[in-house]
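Each remark here refers to the structure printed beneath this line.
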Amino acid sequence: MIPHAKTMEEALDSEIRYQNLKIINHITWYDRILLNRPIKVVLALFLAAVVSPLLLYRYSFFVSINLPPSDGFSIGSCLIPRSTRLPCGNGSSLQEHCHSQCCFDLNLHVCYHRLPSRFSYIMNQPWNENITLSPRIATEPYAFQNSIPAVRLSVDEVTATHMTLTFYNSRNISLNGRRLQNKEYSYTVTSPELNIVVRASNRTIFNTASGPFIASDNIWEMSFILTNEMMYGLGEIPLKKNNTKVIYSHKGGFSSVPLIFAKLNNSYHGLLFDANDPTEIFISLENHVVVRSITNFGLKFHLFSGPEPKDIMKDVMAITGKYNKLEYWMLGVHICSEVQGLELNAFLKNATAERMPFDSHCGVQPIVFTSDQCNSNDINNIDAINAGSKLLENAQKKFVPHVSPYIRYEIKNDTDIQNTTTFTEYNVSCEIMPHFDKLMYRTPNSNEVYTGEINDFAVIYPNYEDAPPEFLESLWAYNKKIDGIVLENNFPLDEKEKDLEEMSLYLPYFSQHFKNAFNYTPPWNLTLADYNQSYLFQHNRYGNNFVDAFIKRSNDIPIWSSSLWLNSGTNINRQSVNASWLNLNNELVNAALGGVSGHWLWSSPICGDTEYFNPETQTNLCIKWYLAAVYLPIVKIHSKVIPRYPTAFVGTHKTLAIEAIGRRYSLLPYYYTVLQEGPLLRPMFYQYPASQAIRDLSSQFNVGDSLLIAPNLLPLQSHVQIRKPPGSWYELWSGTKLQGQEGDLLTLSTTDADLMTFIKGGSVILIQRKTELSASDTLLTEFNAIIALECIEENVCSASGKQFVTDGLTLVFEANAQNMTISAIGNDFMPMCDFNSGTWGYDIKLYSIYGLPDEINNMDNQRQVSQFTDLCNLEYGDNIVIKFLT
C-alpha cells in the first residue's frame, strides 16, 4: 500500500480523539461519581435523609452539644413532635436559661424535655422498697438547684383494686408498702433507669413512659400517661387537653377531690392526687399528665383499677369518707342574704304570703368572729344574730349560719392598715387576745401577728389544727341553738394586696397558675410562734382543720364547707360563683363530677353568689338556674348585693322561680332514696360507661338511676337536643315515650319555663304534688306513684322501685302491666303511722302508669288510677296489691 499524507481536518480530528482518550484514562473514581447523573440524585437524597436531620439536631434543638461521657443509659432524642413535647423547667424562651440537658427549639423559642428524658432517677440493682434512687442529672432545670440525692419509691397494695405510688425523700422518712396475694393489677419497675408500668385486665393504666422525674427543694415533677382515650374529672367532662389545674384551695377553684377517671378499651380506671402541698397538673395534647408540686415531701398517687366508674368512686370514698347523717330538711332550699336594708322579719312574712318554700336561713348576716366582744358594734351584732335565730325558730325554719374562719379585730380607717400588730395595746377584759396569741399566724422574721384584709376590715388567721376546744368556745358568743352550719371563706380568703413576683426569688417554680391561686390567700411564708414551717405546706388542710374544730364542738349538726382536702365526710359548699350562662353549665358539671367523686351532698348557689348580678339583663338566666336547681343535690340561694331569691322577682319570673322550688320539693322522696346509696346528679360516662354515643356528653345528666335531664342552657332556646340512652324513656310529667334507638340524636321542643325530664322504663318512684312551705311539711302530704313500664312485648312489662323511709323501713314496689305489689323491708312504721309524732305521709292516692297500649290509657300517653292506699296496712299485712285494670 502506498502511504499518503493526511489532510489538515483529518489530523486535527485524530488529535482531539487522542486527547479525549488520554483524559478519560486519567479520570478519578470520585469524578466518575460526580459526573454520573443517577448517582448524583442518590447522593442528594442521602444528604437530605441523613445529614440534614443531624444538622437540625445540632443547630435547631440543642442548647449545647457537649454531652457528658456515655454512662450506659439512654441519651434521649430532641426530634419529638411538637404535640408530645413537655416543657423542661420553666419552658424558657431564652436559650441561655435552658438547661444543657434539655432541648431548645430555635424557631419557637421553647425549652423542652428529651425523650427519654435525661431528668430521671436510676438504681444500681433491681427495685425493692429499700432501694435508694439517685438522680441521673445533678441539677434540676428550673433554678439549677441540686437534685435530691436519695429518693425512694414505695408501692402500697391497699386492696385488690387500689394501690398507691409514693415517691419521697428517703432522708426524711422511710415507708414500706403492703403486699397482697390476690389483686387485679400488676406493676413493673424497671432498672437501672426508673420507669413504672401498671397494668390491669390486659390494659396499661399507668405508665411513666420515660418522662421526666425531678426532685429538688420545693419542686418535684413527674409525668405519666393514663390513657390515649378520654379522661374526665378536675371539673371537666371530658377533661380538656393543653390545660392546667391547680391543687391549692382558693377562691374560684374546683371543689371536688382531685380525681381523674380514665377510659381505656371500654373500661375505666382512676387516679387520685394525694397532694397536700401546692400542686399544678398539666394535661398535654397527647394526654401526658405532668405534675409539678412545691413540696419537700414528694409525690403520692392513688391508682384504682375499676373497671367501672362506680367501682372507682367506692374505692375513693374508702379514703375520703362518706357523710351519713342526711336529714330530710337538708334537701330543701337554704337562703342567705347580705343585702343591706333587708329586714329578716319582713322577708319571712313576704315568703309566707307568696307561698315560697324554703327550709333554712343563715339569719340576719353571716358571722365573722371578733377579738373584742365588748365593743359596742360587736355587742349589737351578737344581739342581732341571736334575735334573728329566734325569728327563724318562730317561723319554723332551721337556723344555719354562715361562718368565716378569720377574726376581725379592727375596723379599717382612712389610714392604711399596717401589715402587723401586737395585742398588748388592747386592755379590754373580754378580749380574745392575748390569751390565744400563739395560735395566730405570723409574718416571717418579725414574728408578729399577720393581719389580712376582708371587706375593708383587718383580720387575723388562727391555727385551728392546734386550737384547744376553749378557743372556739371563746369565739362563739351566740346563745341560740344552730341546726347546721356553713363554713365559708375557709380557703382561707385574704383580699390584701400581695407582691407575688417576689415569690420567684424563693421558689424555683412559680407559674402564673400558682400566682392566680395564691392571690386571694394568706402569704405563703407565714409561720406559727412555736415552729418555723411555712404556712404554704399547711394551707390545703386549713379548711379541714376549721371543720374539725366545729365537729369537736357540736358533732350532731350538718356541716357544709367551702374548702376541703380529701374529705367527703363533710358536705361541699360551692362559693364565689358568678352569674353567667357558662357558669350555669359549669355548676351542673361540677355537681355531677363532685357526686361521683364522693361528695354526694354538693351545695350549689342558684344564680351565683357574688355581687356580680344584673337583674335587668340576667333575670332569664336566673330563672333557668332555678329550673336546673330542681335536680341539684343541695340548693342555696345566697344574695350579696342584689337579691336573687324568688320573691325578689316580679310577675312571671317570680311565679316560675317559686314553681321550680315546688317541683323540687315534689321529687324529694325520690332524692332521699337515691342519696342513701349513691350520688344524685350523674354524668353520662358514670351512668352508661359502655355507651360510646353518650358517655362523653356534658349536656345531659342522670338524676339517680331513674331520671334523665336535658337542660336547655342557652338564652331564648326553643329546642334541646338529646342523645337517647339505653332502654325506654318517658317524659316525666306527661308519659310521652321518647322514640329512637340508643345513641340517636333527638331534637325536642322546649320553652324557657321548662327543663326536659324523663323517667326510665322499668322504674317506680313516689312524688308529692302538694307542696307546702317546707320539705318537712311537704313530706306529710299524700304520695303519687309514677310507674314507667319496660316492655319486651305487649303486656309483658315490668317496673320496680323503692322508697327509703328510715334505716328500719324501706317500701318496695314491683309492677307489671296489670298491677303493682307494695311490700316493706323492716318494721319501723312509727315515722309513717304514728299520727301524733309521725313525720311521713302514709298514703298513696294516684297512680300514673306509662307504657301501656293506647287503647288502655285513659289519659294522653298514660293511664291514671285513683285509689286510696293506706301504707300503714303493711305493718300488719304482707303486701298491698294495686290493680291497674278493672
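Tabulated results
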{"read-out": "Gain upon complete extension [L79, A160; 0.36 nm per residue less C-alpha separation]", "value": "25.1 nm"}
{"read-out": "Alpha carbon centroid spacing (whole Å) that separates the stretch 185-242 from the stretch 804-872", "value": "51 Å"}
{"read-out": "Folded to 0 to 90 degrees: helix 8-25 orientation relative to the chain principal axis, Cα", "value": "50 degrees"}
{"read-out": "Segment N795-S201, extension gain: residue separation times 0.36 nm, minus the distance between their alpha carbons", "value": "209.7 nm"}
{"read-out": "Pairwise FRET efficiency - D466 versus N243, Cβ, R0 = 35 Å, nearest 0.05", "value": "0.40"}
{"read-out": "Positive dipole terminus of the chain, leading residue within L175, L108, L487 (C-beta point charges)", "value": "L108"}
{"read-out": "Neighbour cut-off at most 12 other Cβ (10 Å), DSSP loop, GluC sites (Glu not before Pro), the stretch 616-690", "value": "E677"}
{"read-out": "Length released on extending from T188 to V812, taking residue separation times 0.36 nm less the Cα-Cα span", "value": "219.8 nm"}
{"read-out": "Mean accessible surface per residue for the chain, computed with a 1.4 Å probe while every protein chain stays in place, in Å²", "value": "43 Å²"}
{"read-out": "In degrees, nearest ten, helix 37-46 long axis to first principal axis of the chain (Cα)", "value": "40 degrees"}
{"read-out": "Phi to ³J(HN,Hα) by Karplus 6.51 cos²θ - 1.76 cosθ + 1.60 over the stretch 81-87, Hz, x for Gly, Pro", "value": "x, 4, 5, 9, 6, 10, x"}
{"read-out": "Nearest-0.05 FRET efficiency for A387 and N266, computed from C-beta distance (R0 56 Å)", "value": "0.40"}
{"read-out": "Positive dipole terminus of the stretch 333-387, leading residue within T352, A387, S371 (C-beta point charges)", "value": "T352"}
{"read-out": "For T139, residues with placed amide H under 5 Å, excluding near neighbours", "value": "S147"}
{"read-out": "Pairwise centroid distance, computed over Cα atoms, of the stretch 713-768 with the stretch 253-268, Å", "value": "27 Å"}
{"read-out": "Prolate/oblate/rounded call for the stretch 272-327, Cα gyration tensor, a/c under 1.5 rounded", "value": "oblate"}
{"read-out": "Spatially proximal aspartates and glutamates relative to K770 (Cα-Cα < 18 Å; intrachain offsets below 8 disregarded)", "value": "E354, D359, E659, E782, D843, D870"}
{"read-out": "In nm, spacing of pseudo-spin labels at T617 and N819 (7 Å Cα→C-beta vector)", "value": "6.3 nm"}
{"read-out": "Accessible surface, 1.4 Å probe, highest first, among residues K349, K251", "value": "K349, K251"}
{"read-out": "Positive-pole candidate from V720, Y665, A579, dipole of the chain, charges at beta carbon", "value": "V720"}
{"read-out": "Helix-derived mean residue ellipticity, 222 nm - over the chain, DSSP H n ≥ 4, -39500 (n - 2.57), to 500", "value": "-6000 deg cm²/dmol"}
{"read-out": "Local electrostatic count, D494, Cβ distance below 12 Å [Lys/Arg +1, Asp/Glu -1]", "value": "0"}
{"read-out": "Helix axis angle, 376-394 relative to the chain longest principal axis, alpha carbon, degrees", "value": "60 degrees"}
{"read-out": "Long pairs among K251/K349; K183/K300; K263/K636; K322/K624, criterion Cα-Cα beyond 26 Å", "value": "K251/K349; K263/K636; K322/K624"}
{"read-out": "Karplus-derived 3J(HN,Hα), 6.51/-1.76/1.60, for each residue of the stretch 127-138, Hz, glycine and proline x", "value": "5, 8, 4, 9, 6, 8, 9, 10, x, 6, 10, 5"}
{"read-out": "The stretch 263-280 - phi-based ³J(HN,Hα) in whole Hz, Karplus 6.51/-1.76/1.60, Gly and Pro as x", "value": "9, 8, 6, 6, 10, 10, 9, x, 9, 10, 7, 8, 10, 6, 8, x, 9, 10"}
{"read-out": "Inter-label distance, nm, simple model (7 Å from Cα along the C-beta direction), E782/H719", "value": "4.1 nm"}
{"read-out": "Approximate spin-label separation E286-S866, in nm, with each point projected 7 Å along Cα-to-Cβ", "value": "7.0 nm"}
{"read-out": "Amide H contacts of F783 (H built 1.01 Å from N, under 5 Å, at least 5 apart or other chain)", "value": "D843, I844, K845"}
{"read-out": "Residues of the stretch 695-738 with amide N under 20 Å of a point placed 7 Å along Cα→Cβ from L582", "value": "698-700, 712-717"}
{"read-out": "Rounded percent of accessible protein surface that carbon and sulfur make up, the stretch 627-781, 1.4 Å probe", "value": "52 percent"}
{"read-out": "Interchain or long-range residues, amide H under 5 Å from A824's placed H", "value": "V812"}
{"read-out": "Given K314/K802; K480/K552; K481/K802; K240/K640, the pairs whose alpha carbons are separated by over 24 Å", "value": "K481/K802; K240/K640"}
{"read-out": "Dipole moment magnitude, nearest 20 debye, the chain about Cα centre, only Lys, Arg, Asp, Glu C-beta charged", "value": "2400 debye"}
{"read-out": "Net charge dipole size for the stretch 647-753 [Lys, Arg +1 and Asp, Glu -1 on Cβ; Debye, nearest 20]", "value": "120 debye"}
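The values are calculated or read from the model by the stated rules, or taken from the named source; none is laboratory data. Note that the structure is a prediction, hence the values are computed from the model and not measured. We place every Cβ from the backbone using ideal geometry, glycine too, and count neighbours over all the protein chains shown. Side chains included, ligands, DNA and RNA excluded: accessible areas come from the protein's heavy atoms. Shrake-Rupley method; radii C 1.70, N 1.55, O 1.52, S 1.80 Å.
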